[in-house]
1. So which residues in region 11-35 are surrounded by fewer than 21 Cβ atoms within 10 Å (Cβ to Cβ), at negative phi and of a type in the set (Gly, Ala, Ser), if there are any at all?
2. Can you give me the number of residues within region 93-108 that are touching a residue at least 12 places away in the same chain (Cβ under 8 Å) and either assigned to a loop (DSSP other than H, G, I, E, B) or closer than 21 Å to Lys25 by Cα (or both)?
3. Would you pick out the residues in region 116-142 that are free of Cβ contacts under 8 Å to residues at least 40 places away in the same chain and surrounded by 14 or more Cβ atoms within 10 Å (Cβ to Cβ)?
4. Check Asn41 against each of (1) under 27 Å from Lys116 (Cβ atoms); (2) of a type outside the set (A, V, I, L, M, F, W, C); (3) modelled with pLDDT under 95; (4) buried (at least 23 other Cβ atoms within 10 Å of the Cβ) and name the one condition it does not meet.
5. For region 65-76, does any single residue satisfy the condition of being touching an Asp or Glu at 6+ places or on another chain (Cβ under 8 Å) and under 30 Å from Trp145 (Cβ atoms)?
6. For region 73-89, check the following and say yes or no: at least one residue is more than 12 Å from the chain's Cα centre (by Cα) and without any contact (Cβ under 8 Å) to a residue 12 or more places away in the chain.
Amino acid sequence: MPTASKLIAAVIFAALAWFTSELIKPLMPEGTPLAWFSQGNALIGAACGWIVMGPRAGEGLRASIGGGLTTAAAMVFWGLLIHSIVEMIKLSLRKHYDGPVEAVIGAFQLALDFGKTIATPDVIITLVVGGILGGWLTEWVARRWP
């Protein structure tokens, strides 16, 4: 059921994902196509905000901070997974893998490589602080408009 807190959580975490994506772009290797990178991650952030943080709103300040951090972690997980699967499909269409099992293993290897690339203090601090603030703002909205 749509609520104000779910909507606010979706908007806040979409903005956090977009801002974090802009921090990640310079870290990516030269020539990496990033045309829809920020927008795609904002969509992932909105979905995580709605599904993960939205239902947890109204449970108190401590729970909202934990929910915000969980939502930020979920955004990273789904972002890495989706982007690595897309890259694996591109590579498999170029006959880079010998079989489907190797392609699936390759997707997880790509996710690990992407994770190592983005694991910088700027990105981590942005996600932690943004997750805490996003959880707190979602809690504030849930208390004002239940």
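The values are calculated or read from the model by the stated rules, or taken from the named source; none is laboratory data. Here the structure is a predicted model, which means the values were calculated and not measured. Reconstructed Cβ throughout: ideal geometry from the backbone, glycine too, with neighbour counts over all protein chains shown.
1. Once the filter is applied, which keeps residues that are surrounded by fewer than 21 Cβ atoms within 10 Å (Cβ to Cβ), at negative phi and of a type in the set (Gly, Ala, Ser), region 11-35 yields Ala15, Ala35.
2. Going through region 93-108 one residue at a time, the tally reaches 2.
3. Looking only at region 116-142, we keep the residues that are free of Cβ contacts under 8 Å to residues at least 40 places away in the same chain, and these are 116, 119, 121, 124-125, 129, 140.
Scanning region 116-142 gives Ile124, Trp140.
4. All conditions are met except number (3).
5. The first filter runs over region 65-76 and keeps only residues touching an Asp or Glu at 6+ places or on another chain (Cβ under 8 Å), leaving 67.
Among the residues that remain, those that are also under 30 Å from Trp145 (Cβ atoms) are: 67.
Yes, there is a match, as at least one residue in region 65-76 is touching an Asp or Glu at 6+ places or on another chain (Cβ under 8 Å) and under 30 Å from Trp145 (Cβ atoms).
6. Pass one, region 73-89, residues more than 12 Å from the chain's Cα centre (by Cα): 84-89.
Keeping just the survivors that are without any contact (Cβ under 8 Å) to a residue 12 or more places away in the chain gives 86, 89.
Checking region 73-89: at least one residue is more than 12 Å from the chain's Cα centre (by Cα) and without any contact (Cβ under 8 Å) to a residue 12 or more places away in the chain.
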